[in-house]
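Read the figures in this text as sums done on the coordinates, not as results from a lab. Bear in mind that the values here come from a model prediction, so they are computed numbers and not experimental data. Note: ideal-geometry Cβ built from the backbone for every residue, glycine included; neighbour counts use all protein chains shown.
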Amino acid sequence: MIELQLKVDEWIKSYGVRYFNELTNMALLVEEVGELARIMARTYGEQSFKDDETPNFSDEIADVLFVLICIANQTGVDLQAAFDENIKKKTNRDFLRHRQNKKLTD
């Protein structure tokens, strides 16, 4: 993840001039998640695609990841360290929770 954070930072400095401010990037993140949600709703939900629409999950997920990395870079978050801590938290908190969830085992 460190490599991804460095790659995004390099791209921003080379092509993007500078980072958009944090609030703009938060709005962009919501926009990109919405685009991914649209594809999910049409692929797995009950909506249908328009005639000229072609789903591209990988591109939409990459867009979400790119903006998320921008926000991490701007706010000084080391994504690898944050992810590692988050996995520990989930493991400790949910050690048995999901295995004991009858909704998941039926």
Q. Based on DSSP H runs of at least 4 residues, each adding -39500 (n - 2.57), what is the mean residue ellipticity at 222 nm of the chain after dividing by all its residues, to the nearest 500 deg cm²/dmol?
A. -21500 deg cm²/dmol
Q: Compare the peptides 18-26, 82-90 by average per-residue count of other Cβ atoms within 10 angstrom and give them in order, highest first.
A: 18-26, 82-90
Q | Gain upon complete extension [ASP106, GLN74; 0.36 nm per residue less C-alpha separation] | A | 7.1 nm
(Q) Just to check I understand the Karplus step: with θ = phi - 60° and J = 6.51 cos²θ - 1.76 cosθ + 1.60, what whole-Hz values come out for segment 68-85, glycine and proline as x? (A) 4, 5, 4, 5, 4, 4, 5, 9, x, 8, 7, 4, 5, 5, 5, 5, 4, 5
Q. List the lysines whose alpha-carbon lies under 30 Å from that of LYS88, not counting same-chain residues fewer than 8 positions away?
A. LYS7, LYS102, LYS103
Q: Quick one: what are the phi-derived ³J(HN,Hα) couplings along segment 16-32, Karplus 6.51/-1.76/1.60 with θ = phi - 60°, whole Hz, x for glycine and proline?
A: x, 6, 7, 5, 5, 5, 4, 5, 4, 5, 5, 5, 5, 4, 4, 4, 5
Q: Assuming R0 = 35 Å, can you tell me the calculated FRET efficiency for the pair GLU3 and LEU23, based on Cβ-Cβ distance, to the nearest 0.05?
A: 0.80
**Q.** Cα-centre dipole for the chain with unit charges at Cβ (Lys and Arg positive, Asp and Glu negative), debye to 20
**A.** 740
Q. Which of [x] 53, 45, 23; [y] 62, 34, 20; [z] 51, 47, 27 is the computed Cα extents along the principal axes in Å for the structure on display?
A. [x]
